[in-house]
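Chemist: Encoded as C-alpha cells, here's the structure I'll be asking about.
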Amino acid sequence: DPRQGTLLDFFGVS
Amino acid sequence: MLELRLVQGSLLKKLLEAIKDLVTDANFDCSATGFSLQAMDSSHVALVSLLLRSEAFEHYRCDRNISMGLNLSNMAKVLRCSGPDDIITLKADDGGDSLTFMFESPNQDKIADFEMKLMDIDSEHLGIPDTEYQAIVRMPSAEFARICKDLSGIGDTIAISVTKEGVKFSTRGDIGSANIVCRQNTSVDKPEDATIIEMEEPVTLTFALRYINSFTKATPLSNQVTLSLSSDLPVVVEYKIAEMGYIRFYLAPKIDE
C-alpha cells in the first residue's frame with residue numbers, strides 16, 4: 001500500500 | 001495595541017468552524033497585511049493557511065506585528081456566542097496575555113465581551129514555494145463537498161485525476177468502488193455554478209478522504225473551491241473569501257514506494 005506522505009516531505013521549515 | 005473591527009463578524013465564526021477540528025492550538029499573526037494563521041495538524045499531513053486582509057476590516061489597528069497563541073476549539077466556543085449579524089472587534093494590549101472579543105448586535109442593543117487567555121505555542125512555519133500547478137480545477141464548493149461526503153461512504157481514500165475529459169474523483173472500499181466525473185461547464189447562469197478545468201498535463205493523486213472531508217467545512221465561506229494539483233506536490237484546496245482573503249488547505253498525497 002502507498003504510505004501517507006507528510007508535508008515535511010515536500011516543504012521546508014522556514 | 002491591536003484593534004480589529006470586522007463588520008461581517010460571521011466570517012471569523014465560519015473560519016473557526018472550518019479549522020477547529022483539524023488544528024488544536026495555533027498562532028494568529030497580525031501585521032500590516034492582515035490577520036493570518038498557518039498551522040499543521042498534529043500528524044503533519046495537512047496544513048491550513050488563512051488570511052483576512054486588513055482591508056476586510058472596517059477598522060484595523062496593529063501597531064506592531066503580534067503573534068497570539070490560541071486554543072481553536074475554545075476560540076470557536078467563544079465565537080459561537082456571537083449572533084449571525086454581529087460586528088466582531090478583537091482587542092489586545094501590547095505585551096498583554098489575553099485577547100478580547102467584543103460582539104455588537106447590528107442595532108447596537110446588545111454588546112458582549114469575552115476575554116481569552118493567550119498561550120505560548122511553538123509552531124513550525126513551513127516555507128511554501130509559489131508553484132505552477134499541472135492542473136487547476138474550479139468548481140462549486142457545495143458540489144465538491146457533496147462528492148467527498150458521498151465517496152466517504154464507500155472508501156477511505158480519494159483519487160483525484162484530471163485529464164482532458166474532466167476531473168474524476170474515485171474511491172474503493174470493502175463494498176465496492178465509485179467514480180464521479182465532472183466535466184468543464186461554463187454555460188451556466190451564475191458564474192459560481194461553473195466548473196473550469198485548466199490542465200497543462202494530466203495528473204492523478206491519492207489522498208486520505210477524511211482530511212478532504214474536513215476541509216469542506218469551509219464550504220460556507222465561498223461558493224467556489226479551487227483544487228491545484230501537481231504530481232509530486234500536496235494538493236491545495238482553496239476557498240476565496242470574496243475580496244477579503246482566503247483559506248487554503250494543503251494535503252500531502254499518498255506516496256507509492
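A short reminder: the numbers here are calculations on the coordinates, not readings from a lab. As the structure is a computational prediction, the values presented were derived from the model and not from experiment. As a convention, Cβ positions derive from the backbone with ideal geometry for all residues, glycine included, and neighbour counts pool all protein chains shown.
Chemist: Run the Debye formula on the Cα coordinates of chain B, all scatterers equal and no solvent, and tell me log10 I(q)/I(0) at q = 0.08, 0.09, 0.16 1/Å.
Modeler: -0.35, -0.44, -1.19
Chemist: Taking just the C-alpha trace of region B:1-67, give me its Rg and Dmax in Å.
Modeler: 12.5, 37
Chemist: Sticking with this structure for a sec: Taking 7 Å along the Cα-to-C-beta vector as the label spot, tell me the B:Asp156-B:Ser67 distance in nanometres, rounded to one decimal.
Modeler: Modelled inter-label distance: 3.5 nm.
Chemist: Quick one: helix B:141-152 against the long Cα principal axis of chain B, what's the angle to the nearest 10°, folded into 0 to 90?
Modeler: 60
Chemist: Another question, if that's okay. If you split all Cα-Cα distances of region B:1-118 into 5 Å bins from zero, what percentages do you get per bin, shortest first?
Modeler: 2, 12, 22, 26, 22, 11, 4, 1, 0
Chemist: Give the span of region B:101-180's Cα atoms along each principal axis, as three whole-Å numbers ordered largest to smallest.
Modeler: 53, 34, 28
Chemist: Can you tell me which of B:173-180, B:73-80, B:245-252, B:156-163 comes out highest on packing, and rank the rest after it, using the mean Cβ neighbours within 10 Å? Please list the in-between numbers first.
Modeler: On the way: B:173-180: 12.0, B:73-80: 16.8, B:245-252: 23.0, B:156-163: 19.4.
The densest-packed peptide leads the list: B:245-252, B:156-163, B:73-80, B:173-180.
Chemist: Please average, across the residues of B:32-44, the number of beta carbons from any other chain that are within 10 Å of each residue's own beta carbon, and give a whole number. Walk me through the intermediate numbers first.
Modeler: Details: counts 0, 0, 0, 0, 0, 0, 1, 0, 4, 1, 0, 3, 6.
Counting Cβ atoms of other protein chains within 10 Å of each residue's Cβ and averaging gives 1.
Chemist: Give me the net charge for the shell around B:Gly173: Cβ to Cβ below 14 angstrom, other residues only, Lys and Arg +1, Asp and Glu -1.
Modeler: Working: positive: B:Arg172, B:Arg210; negative: A:Asp1, B:Asp150, B:Asp156, B:Asp174.
Once positives and negatives cancel, what remains is -2.
Chemist: Once you have the alpha carbon radius of gyration of the protein assembly as shown, what is it after dividing by 2.2 N^0.38 Å, with N set to its residue count?
Modeler: 1.06
Chemist: Then there is this: Tell me, what HN-Hα J-couplings in whole Hz come from the Karplus equation 6.51 cos²θ - 1.76 cosθ + 1.60 at θ = phi - 60° for each residue of region B:22-36, using x for Gly and Pro?
Modeler: Using θ = phi - 60°, the values come out as 8, 10, 7, 10, 7, 8, 8, 9, 10, 9, 4, 5, x, 9, 9 Hz.
Chemist: Only four residue types carry charge here, +1 at the Cβ of Lys and Arg and -1 at the Cβ of Asp and Glu. Report the dipole size of the protein assembly as shown about the Cα centre in Debye, rounded to the nearest 20. Let's see the in-between values first.
Modeler: Working: 26 positive and 41 negative charges, 142 e Å.
Using Cβ point charges on Lys, Arg, Asp and Glu, the protein assembly as shown gives about 680 debye.
Chemist: Assigning unit charges at the beta carbon (Lys, Arg +1; Asp, Glu -1) and nothing else, what dipole magnitude in debye, to the nearest 20, does region B:32-128 show about its Cα centre? Show your work: numbers first, answer last.
Modeler: On the way: 8 positive and 16 negative charges, 32 e Å.
The calculation lands at about 160 debye.
Chemist: Here's something else I'd like to know. Cα-Cα pairs above 13 Å in region B:165-204: how many percent?
Modeler: Working: 492 of 780 pairs.
Beyond 13 Å sits 63 percent of the P(r) for region B:165-204.
Chemist: Got a sec to turn the phi values of region B:62-69 into Karplus ³J(HN,Hα) couplings, 6.51 cos²θ - 1.76 cosθ + 1.60 with θ = phi - 60°, whole Hz, x for Gly and Pro?
Modeler: 9, 5, 8, 4, 9, 10, 10, x
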